[in-house]
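What follows is a set of notes on a single structure, which appears directly below.
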Amino acid sequence: MFNFPAVAQLWPGVLTAITIALAASFVAEHQGGPQLLYALFFGMAFNFAANGEKIHAGI
């Protein structure tokens, strides 16, 4: 049904995206401003992570 090795390879990237989304939500809630803008800023700041082997598959 599921290809577990392939799903296991996605987790680091998925967890990175979830962490960035949660951080953007937290900052938007506490500092004001649009959540999407903060998510964009965090995404730009962590763009280097997309080049890593482990994270690239999940993103």
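What the table below lists for this structure:
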| read-out | value |
| --- | --- |
| Condition broken by ILE20, with the remaining ones in (1) touching a helix residue (DSSP H, G or I) at 6+ places or on another chain (Cβ under 6 Å); (2) touching a residue at least 40 places away in the same chain (Cβ under 8 Å) satisfied | (2) |
| Unmet criterion (only one of (1) open to solvent by 60 Å² or more (accessible area, probe 1.4 Å); (2) under 10 Å from the mean Cα position of the chain (by Cα); (3) of a type outside the set (Asp, Glu)) for ALA23 | (1) |
| Search result, residues across the stretch 34-59 that are assigned to a loop (DSSP other than H, G, I, E, B) and exposed (fewer than 13 other Cβ atoms within 10 Å of the Cβ) | PRO34 |
| Every pair of residues 6+ apart whose Cβ atoms lie under 9 Å, when the first sits in the stretch 34-48 and is β-branched (Val, Ile, Thr) while the second is open to solvent by 100 Å² or more (accessible area, probe 1.4 Å) | none |
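The values are calculated or read from the model by the stated rules, or taken from the named source; none is laboratory data. Model, not experiment: these values are computed from the prediction. When we count neighbours, we look across all protein chains shown, and the Cβ atoms used for this are built from the backbone with ideal geometry, even at glycine. Please note that ligands, DNA and RNA were not included when accessible areas were found on the heavy atoms of the full protein model with its side chains. Shrake-Rupley method; radii C 1.70, N 1.55, O 1.52, S 1.80 Å.
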